[in-house]
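Please treat every number below as a calculation from the coordinates, not as lab data. Computed from a prediction, not measured in an experiment: that's the story for all the values here. Because the Cβ atoms are built from the backbone with ideal geometry, glycine has one as well, and the counts that use them run over all protein chains shown.
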Amino acid sequence: MKWLLQLYPAEWRCRYGEEFAAVLQGQRLSLGLVVDVFGGAVDAWLHPQLRGREHEITKGEQTMTNEMMKRCAAGGPKLSQRDQILAGITMAVGALILAAAYVVLRKLYHARPAVEALSYMSMPGMFLLYTKVAYLRQHKVSTQVITVGGGMVLLYLIFWGACEVAVRL
Amino acid sequence: MKKTKNNDELDDFGRFSEPALLILISLAEGPKHGYSMTEDIATIAGVRLGPGTLYGAIARLESRGLIEPLKSEDRRNPYALTGLGERALRARLDAMQTVVRAGQRRLAHA
């Protein structure tokens, strides 16, 4: 009589299938039983009671996804709120300084590759600034300055080179 | 009839309202698995619930937190009444008792 279980939705079978089969085994096959099981299956399809739990699972998955994103995000899981704020402020201040420098240099030297490179490097540069400040928070200030500064200079040189190549094409 | 919140819980069950009430009454004695509930209900109410009806009611009761599954290594999962389920059962039985008393009083004067 286990074939009657196939009438039910997969999720329902997953949750109640085994115990339902155990109850079913204790019953004598009759038209009344088939009608009852069929009616139960129609109800399970039309009024899935597992929706609430399913929703909880989805919420759980979202929480898990959020947790994973937090862990994969710059700074890792041990990054305190204070460190995040500090890294965020550093990034915002860095972006403002870079924007101001770009405006001034653009006014003085117009659209030269060396100036344009500054605008192109701003986005990856700020990301680098945030991650380095977050990851290197336990290190000495000199290490942080050298690493962040070196990274920014390297980024600038790459974009400057790219801009020089681009204007010559 | 004055309806309490707990009483309303069972009102939403439609055709599963009566089987759900019988399950709650059965579980008021202690945790039981599906087959034991069927046997117990057959004894106390003279009604043998089919598995489709039984699990339609169990799913509703569980989703509303009126009963909860207990851990078991056996594939026959036992269920227990929750605090909310107990309050819902009390509310429903009180409401039924009020109706029964009113009916009996009126029959006495008939």
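Whole angstrom only: what separates the Cα centroid of segment B:22-53 from the Cα centroid of segment A:1-53? Cα centroid to Cα centroid, the span is 17 Å. By the count of other C-beta atoms within 10 Å, a proxy for reagent exposure, B:R101, B:R90, B:R64 are ordered fewest to most as B:R101, B:R90, B:R64. The value obtained for chain B, namely the Cα convex hull volume divided by the number of residues, is 110 Å³ per residue.
A full extension of the chain between A:L105 and A:S30 corresponds to an added length of 18.1 nm, given 0.36 nm per residue minus the alpha carbon distance.
As a length-normalised measure over Cα pairs under 8 Å and 6 or more apart, the relative contact order of chain B settles at 32 percent. Backbone geometry of segment A:14-29 corresponds, through the Karplus equation with coefficients 6.51, -1.76 and 1.60 at θ = phi - 60°, to 3J(HN,Hα) couplings of 4, 7, 10, x, 5, 6, 5, 4, 5, 5, 4, 4, x, 9, 8, 4 Hz, x marking Gly and Pro. Short-range pairs are left out: with C-alpha atoms under 8 Å and at least six residues apart, the relative contact order of segment A:81-168 is 37 percent.
Relative to the dominant Cα principal axis of chain B, helix B:17-27 is inclined by about 70°. Ellipticity at 222 nm from helices only: DSSP H runs of n ≥ 4 in chain B, each -39500 (n - 2.57), divided by the residue count, give -20500 deg cm²/dmol.
The C-alpha atoms of chain B define a longest principal axis, and helix B:83-109 lies at about 30 degrees to it. Note on segment A:113-169 and segment B:74-92: Cα centroid distance 63 Å, given to the nearest whole angstrom.
Residue order for B:I41, B:I58, fewest other beta carbons within 10 angstrom first, comes to B:I41, B:I58. For the segment A:19-31, counting C-beta atoms of other chains within 10 Å of every residue's C-beta and taking the mean gives 5.
Given +1 at the Cβ of Lys and Arg, -1 at the Cβ of Asp and Glu and no other charges, the dipole of segment A:84-169 around its Cα centre is 100 debye to the nearest 20.
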